[in-house]
Amino acid sequence: MAIHTLEADTSNLHGGFNPALKPVLTIAPGDTVRYRTLAAGWQLEPARHDGGEIAIVAARPGIPNDGHALIGPVAIRGALPGMTLVIRIDRMVPGAWGTVYSGGWDMVVNHRFGISEEHHRYFTNWELAWNTSTSTGTGRSEEGIELRLYPFCGVIGMPPPEPGWHPTDPPRRGGGNIDCAELVAGSTLYLPIELAGGLVSVGDGHALQADGEASGTAIECPMELGELTIDLLPDQPLPNPWAETPAGTITFGFDEDLNEAMLQALEGMVRLLKQRHGLETQAALALCSLVVDLRITQVVNGVKGVHALLKPDALKRTITGNDIPATTNPSS
């Protein structure tokens with residue numbers, strides 16, 4: 001299989017999803033794409049406390065730059081609506097710096113803490129060090145706090161089929177700004193394809209993020225290397241994205257209503273348990289109450305996210321004599 005490389009430059013950067021945007025690369029199923037991405041805000045350097053301007057990359061004429069700085073889109077030969085896009089996340093290597101912010105925009109968390117849009121936007125920069133031989137890294141903030149890094153791309157997805165430009169903020173059925181901290185290297189993300197070619201875009205590097213993304217951002221960083229292997233399956237057994245990750249099997253739900261997002265994620269997990277283990281609905285739901293964690297993915301993108309997590313060894317421990325591994329594809 002071929003390996004392709006995409007650098008972050010004006011020829012392939014865009015700040016919105018559009019099904020009519022011409023692909024910058026067309027690959028065969030099973031090919032690998034290596035990306036270098038900008039930080040989500042299009043900047044080339046960390047934010048400055050003195051208020052000075054920082055260098056940014058400009059978008060092409062007619063291309064929006066008010067959303068996340070995304071690379072792509074990449075078309076996959078043979079991809080058709082109704083198929084499943086399979087994205088294996090092979091490597092994620094953060095750049096040398098990142099920034100986390102708090103305040104400065106309209107969101108429910110800021111309202112709760114009395115932080116208006118007029119308040120000073122707090123931020124702190126982080127020095128990021130990554131050891132490629134061990135695939136581990138450490139971030140050190142300006143205040144001297146040190147944290148272990150778990151890098152991932154907040155945005156991996158395809159445009160919806162409706163014409164025109166669509167914002168990058170909300171996650172959708174075809175992926176996008178999922179912002180799930182479990183989608184680190186070693187994960188495989190499954191997305192339902194809604195238009196010919198798929199048209200995958202990637203960006204929004206996160207060096208570290210907790211569930212919820214409470215302040216509105218992670219440690220936002222450029223990604224020195226994002227390596228994805230992209231393939232196709234003939235059908236999509238789940239209506240929303242799902243993933244196999246080092247933490248376990250994940251099903252997602254997205255909606256402006258957190259309860260509805262939770263129900264979508266739970267429905268996906270119940271459907272998966274039924275398909276894998278031949279369970280009836282109530283039996284699968286009861287099992288979810290024992291071994292499935294419902295987690296708030298993020299509450300900051302307008303459309304909220306919830307993911308249901310089934311840990312890798314949960315059913316081996318719970319169902320005596322069942323040797324079906326937790327990572328079995330539900331379509332098999």
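The values are calculated or read from the model by the stated rules, or taken from the named source; none is laboratory data. The structure displayed is predicted, hence computed values, not measured ones. Backbone-built Cβ (ideal geometry, glycine too); neighbour counts: all protein chains shown. What goes into the accessible areas is simple: the full protein's heavy atoms, side chains included, and nothing from ligands, DNA or RNA. Shrake-Rupley method; radii C 1.70, N 1.55, O 1.52, S 1.80 Å.
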| request: Answer with yes or no whether Ala261 is small (Gly, Ala, Ser), out of contact with any Ser or Thr (no Cβ under 6 Å at 6 or more places or on another chain), at pLDDT 95 or above and open to solvent by 30 Å² or more (accessible area, probe 1.4 Å). | output: no
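Condition check ((1) touching an Asp or Glu at 6+ places or on another chain (Cβ under 8 Å); (2) under 25 Å from Ala247 (Cα atoms); (3) basic (Lys, Arg)) across all residues:
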| site | (1), (2), (3) |
| --- | --- |
| Glu162 | no, no, no |
| Pro170 | no, yes, no |
| Asn177 | yes, yes, no |
| Glu182 | no, yes, no |
| Leu189 | no, yes, no |
| Ala196 | no, no, no |
| query | Within the range 142-162, can you find the residues that are out of contact with any Gly (no Cβ under 7 Å at 6 or more places or on another chain), touching a residue at least 40 places away in the same chain (Cβ under 8 Å) and among the small types (Gly, Ala, Ser)? | reply | Gly154
| request: Please enumerate the residues belonging to the range 185-224 that are in contact with a Gly (Cβ under 9 Å, 6 or more places away or on another chain), closer than 25 Å to Leu272 by Cβ and outside any loop (DSSP other than H, G, I, E, B). | output: Leu189, Leu191, Pro192, Val200
| said: Kindly evaluate Glu182 against the criterion of being farther than 15 Å from Gly98 by Cα, out of contact with any Gly (no Cβ under 7 Å at 6 or more places or on another chain), assigned to a loop (DSSP other than H, G, I, E, B) and open to solvent by 10 Å² or more (accessible area, probe 1.4 Å). | reply: yes
| said: modelled with pLDDT of 95 or more, hydroxyl-bearing (Ser, Thr, Tyr) and either surrounded by fewer than 19 Cβ atoms within 10 Å (Cβ to Cβ) or in contact with a strand residue (DSSP E or B) (Cβ under 7 Å, 6 or more places away or on another chain) (or both): is that true of Thr251 in this structure? | reply: yes
| task | Answer yes or no: is there a residue in the range 190-209 that is among the hydrophobic types (A, V, I, L, M, F, W, C), touching a Cys at 6+ places or on another chain (Cβ under 9 Å), open to solvent by less than 10 Å² (accessible area, probe 1.4 Å) and within 22 Å of Met223 (Cα to Cα). | result | yes
| request: Collect the residues in the range 8-36 that are part of a loop (DSSP other than H, G, I, E, B), at pLDDT 95 or above, of a type in the set (D, E, K, R) and surrounded by fewer than 18 Cβ atoms within 10 Å (Cβ to Cβ), keeping them in residue-number order. | output: Lys22
